[in-house]
Amino acid sequence: MSDEKVGAEKAGDDKSERLVGIVLVSHSAQVAASVAELALGLAGGGTAVPVAAAGGTEAGGLGTSAELIAAAAAAVDRGAGVAVLTDLGSAVLTVKALLAEGDELPDNTRLVDAPFVEGTVAAVVTAATGADLAAVEAAAAEAYTYRKV
């Protein structure tokens, strides 16, 4: 299964189910796919949240790809918005550039400021409840406050 389709296949192609889609942008295809798998697993067996990994370059190297990000966002768009979480600096810049272009990403796509792993888990769990994009974004951002010690 290609990395950008992790979770998208689990979600099915039914656009009538209006859930917030989630795109994970990492410099590594393996990292993005693994975080998607973790979050979907922790969300339980309820509603399948459309999650897609957009990691690495088209050639399979480290980096980010505007084309992979745009394709992943289109794959998870169910009409309720798309939350994009990123790992490092240039991933953020790539998503910001796509948002600035205005026609590369689905309407109501947001770059979410959240920790990559914890924010993704919170976003997926919240999206599984049918929450709107603002609630998914808030849950992911709240992950900054999670204390480990």
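Bear in mind that the values in this text are calculations on the coordinates, not laboratory data. Note that this is a predicted model, so its numbers are computed, not measured. Reconstructed Cβ throughout: ideal geometry from the backbone, glycine too, with neighbour counts over all protein chains shown.
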Revision key, fill the gap. Reduced to Cα centres, the span from the stretch 19-42 to the stretch 113-149 in Å works out to 13 Å
Check your understanding: Using the beta-carbon distance between Val149 and Leu38 and R0 = 30 Å, what value does 1/(1 + (r/R0)^6) give for FRET efficiency, to the nearest 0.05?
Key -> 0.90
Review point. If you look at just the Cα atoms of the chain, how large are its Rg and its Dmax in Å?
Key: 13.5, 43
Point to revise | Kyte-Doolittle mean at least 1.6, axial Cα span of 15 Å or more - DSSP H helices of the chain | key: 66-76, 116-128
Revision key, fill the gap. With only helices counted (DSSP H, runs n ≥ 4, each -39500 (n - 2.57)), the per-residue ellipticity at 222 nm for the chain, to the nearest 500, works out to -13000 deg cm²/dmol
Check your understanding: Classify the stretch 36-114: rounded, prolate or oblate, from the alpha-carbon gyration tensor (a ≥ b ≥ c, eigenvalue square roots; a/c under 1.5 rounded; otherwise prolate if a/b is larger than b/c)?
Key -> oblate
